[in-house]
Amino acid sequence: MINRIAFLGCGSMGEAILAGLLASGTAPSSVVATARRTERADELASRYGVTAIAGAEEPEANRQAAKGAGIVLLGVKPAGIEALCREIATVLQPQTVVISVAAAVSLAQLQAALPDGQPVIRAMPNTPLKVRRGVVALSASSTTSPEQLAKGHQVFNGSGIVLDVPEEQQDAVSAISGSGPAYAFYLAEAMAEAARGFGLDPDTALILARETVAGAGLMLAQPGAEPAQLRKAVTSPNGTTERALATFDERGLPAIISAGAQAAAARAAAITAELGG
């Protein structure tokens, strides 16, 4: 049970996590959120019934929210994470679990800006959390106990699937699931463009591409679903689908996807270095 959780910098991703947390049974009275603008804070309070504090009105908003919290979720951009950690460091309880959803910010960077021994979890969520179909990879610091990591799972369980991974695999996670929704959207764009090339009107082309990708995703989400098996089930020997897939292979599409993922992972590592990690 989560007694009190603070969302510091509750933007789009933070709101998705917050919605899933409340849907899974956490009481709004146990949640406090901060936002820069008064309008945003009012919106969160009205929509979810949580306490929301605007930094524009209360300069100590983050410290107020973090004080006494059992879990503190950091939702600001990567460049602002270390400053936020230093801002709240003196009000954290020794057992408060600090969770960062900022891409490319390492556990070492977080720990350096927090009190010694503070339990820290690095999370990589993806945007389908907004429709509660996300996947989140967690990496815990050596100062985080199994019980504290379990609390981290509770934060995200209502928004999707939660996995534990070693921190050195976080860049790979970012390249596959973090950036992955954009790959699916890119595929839908390309399919719609191909449909327009056949002479279909733009609206029809978009519907065909969008609903096909969305429907295939739902099939993949079924328990036990395997991409290769699903692909084979719709690929008749010497049929139209087989011809399309053979063309994709001939043009090197699997290698292109792999190269793109490698480039994304390399960029994640570079961002960590740029941030001083």
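Okay, here's what the table says:
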{"quantity": "Residues of region 132-153 classified as in contact with a Gly (Cβ under 9 Å, 6 or more places away or on another chain) and over 19 Å from Pro115 (Cβ atoms), total", "calculated": "7"}
{"quantity": "Hits in region 162-175 (condition: buried (at least 18 other Cβ atoms within 10 Å of the Cβ) and among the hydrophobic types (A, V, I, L, M, F, W, C))", "calculated": "Val162, Ala172, Val173, Ala175"}
{"quantity": "Members of region 21-49 found to be crowded, with 22+ Cβ neighbours inside 10 Å and touching a helix residue (DSSP H, G or I) at 6+ places or on another chain (Cβ under 8 Å), listed by number", "calculated": "Leu21, Val31, Val32, Ala33, Thr34, Ala35, Leu44"}
{"quantity": "Among residues of region 90-104, those that are closer than 25 Å to Ile271 by Cα, out of contact with any Gly (no Cβ under 7 Å at 6 or more places or on another chain) and touching a residue at least 40 places away in the same chain (Cβ under 8 Å), counted", "calculated": "1"}
{"quantity": "Among (1) closer than 30 Å to Pro78 by Cα; (2) out of contact with any strand residue (DSSP E or B) (no Cβ under 7 Å at 6 or more places or on another chain); (3) of a type in the set (Val, Ile, Thr), the one test that Val173 misses", "calculated": "(2)"}
{"quantity": "Candidate set: region 202-218, residues that are surrounded by 13 or more Cβ atoms within 10 Å (Cβ to Cβ) and not β-branched (Val, Ile, Thr); chosen: the one nearest to Gly134 (Cα to Cα)", "calculated": "Gly217"}
{"quantity": "Matching strands (runs of 3 or more DSSP E) fully within region 68-136 where at least 1 residues are of a type outside the set (A, V, I, L, M, F, W, C)", "calculated": "97-100, 120-124"}
{"quantity": "Spans of helices (runs of 4 or more DSSP H) in region 146-262 with at least 2 residues over 24 Å from Thr127 (Cα atoms), assigned by TED's automatic domain parsing to the domain that holds Gly134 and out of contact with any Cys (no Cβ under 8 Å at 6 or more places or on another chain)", "calculated": "146-157"}
{"quantity": "Only one of Val72, Val131 that is within 21 Å of Val31 (Cα to Cα), assigned by TED's automatic domain parsing to the domain that holds Ala35 and either in contact with a Lys or Arg (Cβ under 8 Å, 6 or more places away or on another chain) or crowded, with 22+ Cβ neighbours inside 10 Å (or both)", "calculated": "Val72"}
{"quantity": "Any pair with Cβ under 8 angstrom, 6 or more apart, that starts in region 41-56 at a residue that is more than 12 Å from Cys10 (Cα to Cα) and ends at one that is charged (D, E, K, R)", "calculated": "Ala56/Arg36; Ala56/Arg37"}
{"quantity": "Residues being of a type in the set (Val, Ile, Thr) and under 15 Å from Gly180 (Cβ atoms) - total across region 257-277", "calculated": "1"}
{"quantity": "Single match in Thr247, Thr241, Thr235 (criterion: in contact with a Lys or Arg (Cβ under 9 Å, 6 or more places away or on another chain), free of Cβ contacts under 8 Å to residues at least 12 places away in the same chain and either surrounded by 12 or more Cβ atoms within 10 Å (Cβ to Cβ) or not charged (D, E, K, R) (or both))", "calculated": "Thr241"}
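Quick grid of which residues meet (1) over 28 Å from Glu167 (Cβ atoms); (2) in contact with a Cys (Cβ under 9 Å, 6 or more places away or on another chain):
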| position | (1), (2) |
| --- | --- |
| Ala41 | yes, yes |
| Gln64 | yes, no |
| Ile81 | no, no |
| Arg86 | no, no |
| Val91 | no, no |
| Thr96 | no, no |
| Ala103 | no, no |
| Leu114 | no, yes |
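The values are calculated or read from the model by the stated rules, or taken from the named source; none is laboratory data. Computed from a predicted structure; not experimentally measured. Don't worry about glycine lacking a Cβ; one is built from the backbone with ideal geometry, like all the others, and counts go over all protein chains shown.
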